[in-house]
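Working notes, beginning with the structure itself.
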Amino acid sequence: MMGSGLIEAWEDFDLRLSLEASFSLPMFEARGRDVFVKTYGHRAGMRLEGYVGMVRYRGCSFEEAFYMSGAWFDPLENAGRLKRKKAAYIYELWQAFPGLGIAVDPWDPRAMFYSIFLSRNTDYHVNTVRWMRAMLAEAGDEERLASLDPRRFGSSYQLAQLWEIKPQLDEALGSLTPGQELLGSEGVFSSVKKVLLALPHVGPKSVHAFALFCLALTRFAPADRHLLAISRALGLVGEDVRLPRKELCMAYDCWSGPARCPQADRCLTAILMRELGHMAGWFQTACFMYGSLYLSRGEDPAGIMRR
């Protein structure tokens with residue numbers, strides 16, 4: 001039910017940081033330092049205003065604002081559920097990003113997957129957000145987004161590849177019923193990941209990011225170079241660690257089942273899932289932000305890479 005109200009988050013919650021760390025960012029327009037308006041899709045026009053430890057919302061329900069703002073996931077509270085040694089890894093990144101939540105959107109799965117897919121091998125905040133905002137401004141909603149030719153919005157190979165897989169992607173995403181019911185659904189993810197991974201150019205990182213930012217499955221840590229480097233520097237994984245392999249991710253589920261993935265003992269995502277549990281996704285998101293804000297510029301303010 002649409003309305004307005006106030007969400008009490010943790011003391012350090014940072015709305016801007018949480019949205020900038022999410023693949024939902026292109027769907028929002030900044031109207032000030034900590035004011036964001038959703039310009040696309042579900043609840044277009046909703047307004048989020050960040051304050052110290054709280055979010056004021058308008059034009060949506062409490063639950064929609066709670067999840068889309070990232071205020072639902074308090075990293076310090078959730079880290080407290082881990083054993084002390086494992087929680088210590090989280091605190092390393094929490095000191096750099098105490099206000100970071102996980103902003104998710106299960107109401108616009110097509111836009112979320114497009115944003116994830118177009119982020120591969122490019123600067124997300126410079127290129128992906130620009131491409132997405134142009135597409136989303138023309139489309140306005142999920143149905144019209146499905147009818148657009150991504151190649152009209154740039155000459156990058158990412159846009160060309162999105163056009164290439166779009167017919168099969170339409171079928172995969174068409175099997176989903178957008179909405180809050182998708183949140184936390186491992187069953188939905190198990191079925192859709194096999195279809196997505198069968199597509200050219202779609203790898204484990206993309207489907208794990210979809211699990212985290214669309215379905216709120218926070219045990220998934222999409223593996224990238226920043227996650228690998230920081231995990232090694234902190235001693236979470238060894239030098240023999242491997243990135244997830246597409247063919248194995250198609251055949252096995254990370255979290256359960258009698259058939260165990262043969263790379264489970266050395267797979268970065270599987271190791272973080274075992275070691276950090278429900279905090280693995282937040283850890284990866286913090287690593288991404290630390291890498292993009294600092295490591296990519298040759299900076300390491302928290303001294304993480306010197307541990």
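The values are calculated or read from the model by the stated rules, or taken from the named source; none is laboratory data. Note that the structure is a prediction, hence the values are computed from the model and not measured. Because the Cβ atoms are built from the backbone with ideal geometry, glycine has one as well, and the counts that use them run over all protein chains shown. Just so you know, the surface numbers come from the protein's heavy atoms only, side chains and all, with ligands and any DNA or RNA stripped out. Shrake-Rupley method; radii C 1.70, N 1.55, O 1.52, S 1.80 Å.
Based on this model, can you work out whether Gln168 counts as touching a residue at least 24 places away in the same chain (Cβ under 8 Å), of a type in the set (S, T, N, Q) and farther than 20 Å from Ser147 by Cα? Steps first, please.
Values: touching a residue at least 24 places away in the same chain (Cβ under 8 Å): yes; of a type in the set (S, T, N, Q): yes; farther than 20 Å from Ser147 by Cα: no.
Against the criterion (touching a residue at least 24 places away in the same chain (Cβ under 8 Å), of a type in the set (S, T, N, Q) and farther than 20 Å from Ser147 by Cα), Gln168 does not qualify.
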- Item | Pairs, first at negative phi and buried (at least 16 other Cβ atoms within 10 Å of the Cβ) in segment 69-97, second assigned to a helix (DSSP H, G or I) and among the charged types (D, E, K, R), C-beta under 7 Å, six or more apart | Lys86/Glu275
- Message: Any residue at all in segment 143-153 that's under 21 Å from the mean Cα position of the chain (by Cα) and surrounded by 18 or more Cβ atoms within 10 Å (Cβ to Cβ)?
- Response: yes
- Message: For segment 181-207, give me the residue count where each residue is part of a helix (DSSP H, G or I), touching a Lys or Arg at 6+ places or on another chain (Cβ under 9 Å) and open to solvent by less than 10 Å² (accessible area, probe 1.4 Å).
- Response: 3
- Item | Residue, surrounded by the most Cβ atoms within 10 Å (Cβ to Cβ), within segment 124-135, restricted to residues that are without any contact (Cβ under 8 Å) to a residue 60 or more places away in the chain and more than 25 Å from Gly174 (Cα to Cα) | Asn127
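Can you tell me which residue in segment 15-28 is most open to solvent (accessible area, probe 1.4 Å), limited to those that are of a type outside the set (Ser, Thr, Tyr) and within 11 Å of Val129 (Cα to Cα)? Full working, then the answer.
Residues of segment 15-28 of a type outside the set (Ser, Thr, Tyr): 15-17, 19-21, 23, 25-28.
Imposing the further condition that a residue be within 11 Å of Val129 (Cα to Cα) reduces the set to 20, 23, 25-28.
On the way: Glu20: 58, Phe23: 35, Leu25: 14, Pro26: 4, Met27: 3, Phe28: 2 Å².
Per the stated criteria, the residue is Glu20.
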- Query: Quick one: Gly235 ticks every box in (1) part of a loop (DSSP other than H, G, I, E, B); (2) under 25 Å from Phe97 (Cβ atoms); (3) in contact with a Pro (Cβ under 9 Å, 6 or more places away or on another chain) bar one, so which box is it?
  - Reply: (3)
- Being open to solvent by 10 Å² or more (accessible area, probe 1.4 Å), among the small types (Gly, Ala, Ser) and within 20 Å of Phe117 (Cβ to Cβ) narrows Gly32, Gly41, Gly45, Gly50 down to just Gly41
- Query: Residue check, Leu248 against (1) in contact with a Cys (Cβ under 6 Å, 6 or more places away or on another chain); (2) open to solvent by 10 Å² or more (accessible area, probe 1.4 Å); (3) within 30 Å of His42 (Cβ to Cβ), all met but one. Which one?
  - Reply: (3)
- Item | Among (1) among the charged types (D, E, K, R); (2) in a strand (DSSP E or B); (3) more than 20 Å from the chain's Cα centre (by Cα), the one test that Glu29 misses | (3)
- Task: Considering every residue within segment 102-114, establish whether at least one is open to solvent by 30 Å² or more (accessible area, probe 1.4 Å), touching a helix residue (DSSP H, G or I) at 6+ places or on another chain (Cβ under 6 Å) and modelled with pLDDT of 95 or more.
- Result: no
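Is it fair to say Thr285 is closer than 22 Å to Ser119 by Cβ, touching a residue at least 24 places away in the same chain (Cβ under 8 Å), in a loop (DSSP other than H, G, I, E, B) and of a type in the set (Ser, Thr, Tyr)?
Working: closer than 22 Å to Ser119 by Cβ: yes; touching a residue at least 24 places away in the same chain (Cβ under 8 Å): yes; in a loop (DSSP other than H, G, I, E, B): no; of a type in the set (Ser, Thr, Tyr): yes.
Judged against the criteria, Thr285 is not a match.
What number of residues in segment 135-181 are touching a Gly at 6+ places or on another chain (Cβ under 7 Å) and of a type outside the set (Asp, Glu)?
Kept after step one, since they are touching a Gly at 6+ places or on another chain (Cβ under 7 Å), are these residues of segment 135-181: 141-142.
Right, trim to of a type outside the set (Asp, Glu) and you get none.
Of the residues in that region, 0 qualify.
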- Of the criteria (1) over 21 Å from the mean Cα position of the chain (by Cα); (2) open to solvent by 30 Å² or more (accessible area, probe 1.4 Å), which one Gln161 fails: (1)
- Message: So, in segment 6-23, how many residues would count as being among the hydrophobic types (A, V, I, L, M, F, W, C) and under 16 Å from the mean Cα position of the chain (by Cα)?
- Response: 5
